[in-house]
Amino acid sequence: MKIITIILSVFLSGVAFAQQPISIIPRPAEMRVGTGKFIVSPNTALVPLGNDPEVRRIAGLLNEKLKIAAGFTLKTEQTQRKDAIHFKLINEPALGNEGYRLHVTGEDVTIAANKSGGLFYGLQSLFQLLPYQIEGKSLITNFQWSIPVVEIRDVPRFGWRGQMLDVSRHFFTKDEVKSFIDDMAQYKYNLLHFHLTDDQGWRIEIKQYPKLTSVGAWNVKKEGRFGAFSPPAVNEPRDYGGFYTQDDIRELIRYAKDRYVEILPEIESPGHSLAAIASYPELSYTPGTYVVNSGETFMDWFGGGKFAARVDNTLCPANDKVYEFLDKVLGEVAQLFPFPYIHMGGDECAKNFWEKNPQIKSLMAREKLGDMDAVQSYFVGRVSSIITSKGKKMIGWDEILEGGLVKSAAVMSWRGMKGGIEAAKKGHEVVMTPSDFVYVDYMQGDAALEPPVYATLRLKKTYQFEPVPEGVNANLIKGGQANLWTEQIYNMRHLRYMLWPRGFAIAEALWSPKSARDWKGFVPRVEEHFKRFEVSDRKYAPSMYEPVVNVKRSATGGFALDFDVEVPGVTVHYSFDHSFPDNFYPAYSGKSIVVPVDATVLRVVSYTSGRLVGRTMTISIADLKKRVK
Ligand code: ACM
């Protein structure tokens, strides 16, 4: 009995104290791993050197973290010593505003940076060197908080490392946005692109237009599939939604700033403006009774980039009241947000109502505008002048290039990279957000498992995101973003599911050197971060473990399947007999599997090293047959 206890305790302590692999995301630019470790104990000192209050505040964030899972904090001291974690500003201009050095020896730890932002990022790396349990929400006793001996010198590749959050389609509260910002900062993102207005809600208080939030922020709660909801009845309560007061916005900006995140506001125009029009119908040319969209169909998408609106959701480009409106709105926005850019939207503006609008016809004659692209370009030009008059720079979606664009405007390339390439060739600054690499609202695995969205973007493809295309001036590519549209995202749990782990991949594309990209090495690091998410009650998607099922006609006239597995080392097991497969069931070997003629259902599971990973997929054979082109 005693022997068993000893063996067991040695085994258990071996587990508890095992050095975890170094799994920093995004991967540091340079890292040398040594042997040994530094142990953080209640005797360790916290030493912010110098008198900079921001250095002291950042050092204090380590105590904030330690006190929860480790249950102790470190005493702050003023001078360098052994058994200490030092924070110091150094004069090393090559580290820029965000780079840092992190040196861990058996005796002490030093985070050094040229600017406080670098210290903040060095601290994020230090957190990731601590055991994953540090992210836990409750006290862990009898645990060794060790940091592996390592030397890191790290500088980001891009200065614009964004995540776009759409708070219009579904509203997220101020506290939810703060927790979104917390996640961003952990992975060294520095820009929140706040999509504040759209057809489904206007989310920012504008003092001169109170109806934008008393009317425009509210619609009818529906459950099911957004975009195909039943139209609300006239008397249904419009009590679903919300908005941020200007005080809320100031609070969020401060909160983000403390985490080295800036906020880019987007005020959409001329399309996607139904919430504004429902509040002030005179902004539209087309007379009518307008309501904020609740997810009922009101646009027709014909494919190939062609679409039309059933309800006129555009600001009229021939109406001076519209420019007066934008001048006042953007004036308040410019006052609130310190970020140098304002995003004017500009995407997906349906022109079918414009084509019937006699005011636009006279505008075209007066301004010598040849077509609807030229009309939109005229509109964008006027908005650009308004934004410039407020002391800000304009950025917009890549449609703003159509019909010509003032040189000073920056372009956010979302319809692939081509808009960004064209813009850079014309000398515009560019932020790369190509839908085929960074649209984290898309499904991330097989449609049989994922909540339905019209397109798929898997983790492996996301990881291939390369913001700088061949043949353009790389200096004009400011960086990129993960774009999180929220039509199909109803709550924070699902929001995180959609964003992570793809957010890890994009963080790495934007921070780490291009040469550091390594899919095989990335996957085990992702798995370490899954543990961090689990202990901190944050959801993530397990989709990377699950295959996408491809179906084709078999040589004998039936159907055959292939499983597209993206993670190395995962084996896929399946059944056609309705029973639940496990790792003793047939495994997919890479050779197409013929579907038995009488089969009605396929079930699939994934294993790695004998461990079940991901979810069980169940697909009817009838549905599979529909996948054959
Ligand atoms: C966009 O996704 N319509 C910018």
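The values are calculated or read from the model by the stated rules, or taken from the named source; none is laboratory data. Note that the structure is a prediction, hence the values are computed from the model and not measured. Methodologically, a virtual Cβ is constructed for each residue, glycine included, from the backbone with ideal geometry; neighbour enumeration extends over all protein chains shown.
Look through Arg538, Arg532, Arg496 and report the one residue that is in a helix (DSSP H, G or I), within 22 Å of Phe172 (Cα to Cα) and away from the ligand (no atom under 16 Å from the Cβ).
Only one candidate passes the filter, namely Arg496.
Taking only region 453-464 into account, find how many residues are among the hydrophobic types (A, V, I, L, M, F, W, C) and away from the ligand (no atom under 16 Å from the Cβ).
So the count comes out to 1.
Name the pairs: first residue in region 150-175 and assigned to a helix (DSSP H, G or I), second residue of a type in the set (A, V, I, L, M) and at pLDDT 95 or above, Cβ to Cβ under 7 Å, at least 6 apart or on different chains?
As it stands, the answer is Lys174/Leu252, since those pairs meet every condition given.
Would you point out which residue out of Ile85, Ile90, Ile7 is aliphatic (A, V, I, L, M) and at pLDDT below 95?
Within the list Ile85, Ile90, Ile7, the selection yields Ile7.
Report yes if Glu450 is away from the ligand (no atom under 16 Å from the Cβ), assigned to a loop (DSSP other than H, G, I, E, B) and without any contact (Cβ under 8 Å) to a residue 60 or more places away in the chain, otherwise no. Walk me through it before giving the result.
Numbers: away from the ligand (no atom under 16 Å from the Cβ): yes; assigned to a loop (DSSP other than H, G, I, E, B): yes; without any contact (Cβ under 8 Å) to a residue 60 or more places away in the chain: no.
Here the answer is no, as Glu450 does not meet what is asked.
For region 466-488, enumerate the residues that are more than 13 Å from the chain's Cα centre (by Cα) and within 16 Å of the ligand (Cβ to nearest atom). Let's see the steps before the verdict.
Taking region 466-488 as the starting set, the residues that turn out to be more than 13 Å from the chain's Cα centre (by Cα) are 466-479, 487-488.
Across region 466-488, the qualifying residues are Glu487, Gln488.
Residues Val440, Val430, Val383: which one is surrounded by 20 or more Cβ atoms within 10 Å (Cβ to Cβ) and within 14 Å of the ligand (Cβ to nearest atom)?
After applying the criteria, what remains is Val440.
For region 548-561, does any single residue satisfy the condition of being buried (at least 17 other Cβ atoms within 10 Å of the Cβ) and closer than 22 Å to Ala505 by Cβ?
Yes, there is a match, as at least one residue in region 548-561 is buried (at least 17 other Cβ atoms within 10 Å of the Cβ) and closer than 22 Å to Ala505 by Cβ.
What are the pairs, 6+ residues apart or on separate chains, where a residue within region 263-275 that is within 9 Å of Asp199 (Cα to Cα) has its Cβ under 7 Å from a residue that is crowded, with 24+ Cβ neighbours inside 10 Å and aliphatic (A, V, I, L, M)?
Ser273/Leu315; Leu274/Val292; Ala275/Val292
Kindly indicate whether Ser385 is more than 29 Å from Phe298 (Cα to Cα) and either without any contact (Cβ under 8 Å) to a residue 40 or more places away in the chain or assigned to a loop (DSSP other than H, G, I, E, B) (or both).
Spelling it out, Ser385 is indeed more than 29 Å from Phe298 (Cα to Cα) and either without any contact (Cβ under 8 Å) to a residue 40 or more places away in the chain or assigned to a loop (DSSP other than H, G, I, E, B) (or both).
I'd like to verify a number: residues in region 306-340 that are more than 27 Å from the chain's Cα centre (by Cα) and free of Cβ contacts under 8 Å to residues at least 24 places away in the same chain, how many?
3
Determine whether Ala505 is under 19 Å from the mean Cα position of the chain (by Cα) and of a type outside the set (Ser, Thr, Tyr).
Judged against the criteria, Ala505 is a match.
Among the residues of region 85-131, count how many are free of Cβ contacts under 8 Å to residues at least 24 places away in the same chain and either among the charged types (D, E, K, R) or under 19 Å from Lys67 (Cα atoms) (or both).
Count: 1.
Of the residues Val440, Val411, Val406, only one is closer than 17 Å to Ile477 by Cβ and either among the aliphatic types (A, V, I, L, M) or touching a residue at least 60 places away in the same chain (Cβ under 8 Å) (or both); which?
None of the others qualify; the one that does is Val411.
If Lys531 meets every condition in (1) surrounded by fewer than 17 Cβ atoms within 10 Å (Cβ to Cβ); (2) closer than 22 Å to Leu484 by Cα; (3) of a type in the set (D, E, K, R) apart from one, which number is that one?
Condition not satisfied by Lys531: (2).
Say whether the condition of being buried (at least 18 other Cβ atoms within 10 Å of the Cβ), within 27 Å of the chain's Cα centre (by Cα) and acidic (Asp, Glu) is met by at least one residue in region 92-101.
Checked region 92-101: at least one residue is buried (at least 18 other Cβ atoms within 10 Å of the Cβ), within 27 Å of the chain's Cα centre (by Cα) and acidic (Asp, Glu).
It is to be established whether one or more residues within region 155-174 are among the aromatic types (Phe, Trp, Tyr) and either surrounded by fewer than 18 Cβ atoms within 10 Å (Cβ to Cβ) or touching a His at 6+ places or on another chain (Cβ under 7 Å) (or both).
No, region 155-174 contains no residue that is among the aromatic types (Phe, Trp, Tyr) and either surrounded by fewer than 18 Cβ atoms within 10 Å (Cβ to Cβ) or touching a His at 6+ places or on another chain (Cβ under 7 Å) (or both).
Can you confirm whether Val329 is more than 21 Å from Asp398 (Cα to Cα), out of contact with any Pro (no Cβ under 9 Å at 6 or more places or on another chain) and assigned to a loop (DSSP other than H, G, I, E, B)? Write out each step before concluding.
Working: more than 21 Å from Asp398 (Cα to Cα): yes; out of contact with any Pro (no Cβ under 9 Å at 6 or more places or on another chain): yes; assigned to a loop (DSSP other than H, G, I, E, B): no.
Spelling it out, it is not the case that Val329 is more than 21 Å from Asp398 (Cα to Cα), out of contact with any Pro (no Cβ under 9 Å at 6 or more places or on another chain) and assigned to a loop (DSSP other than H, G, I, E, B).
Quickly run through region 26-48 and pick out the residues that are part of a loop (DSSP other than H, G, I, E, B), over 25 Å from Glu77 (Cβ atoms) and in contact with a strand residue (DSSP E or B) (Cβ under 7 Å, 6 or more places away or on another chain).
If the condition is that a residue be part of a loop (DSSP other than H, G, I, E, B), over 25 Å from Glu77 (Cβ atoms) and in contact with a strand residue (DSSP E or B) (Cβ under 7 Å, 6 or more places away or on another chain), then Pro28, Ala29 are the ones that fit.
Quick one: in region 338-364, of everything that is part of a loop (DSSP other than H, G, I, E, B) and within 16 Å of the ligand (Cβ to nearest atom), which residue is surrounded by the fewest Cβ atoms within 10 Å (Cβ to Cβ)?
Step by step, filter region 338-364, then rank; the result is Asp347.
In this structure, does Glu236 turn out to be in a loop (DSSP other than H, G, I, E, B) and among the acidic types (Asp, Glu)? First the steps, then the outcome.
Working: in a loop (DSSP other than H, G, I, E, B): yes; among the acidic types (Asp, Glu): yes.
Yes; evaluated as a whole, the condition is true for this residue.
Tell me which residues, restricted to region 194-217, are over 21 Å from Leu484 (Cα atoms) and not polar (S, T, N, Q).
Glu205, Ile206, Lys207, Tyr209, Pro210, Lys211, Leu212, Val215, Gly216
For region 427-437, what are the residues that are of a type outside the set (Val, Ile, Thr), in contact with a strand residue (DSSP E or B) (Cβ under 9 Å, 6 or more places away or on another chain) and farther than 20 Å from Gly503 by Cα?
Of the residues in region 427-437, the ones of a type outside the set (Val, Ile, Thr) are 427-429, 432, 434-437.
Adding the requirement that they be in contact with a strand residue (DSSP E or B) (Cβ under 9 Å, 6 or more places away or on another chain) leaves 428-429, 432, 434-435, 437.
Result: His428, Glu429.
Would you point out which residue out of Gly445, Gly416 is away from the ligand (no atom under 16 Å from the Cβ), part of a loop (DSSP other than H, G, I, E, B) and among the small types (Gly, Ala, Ser)?
Criteria check complete, one pass: Gly445.
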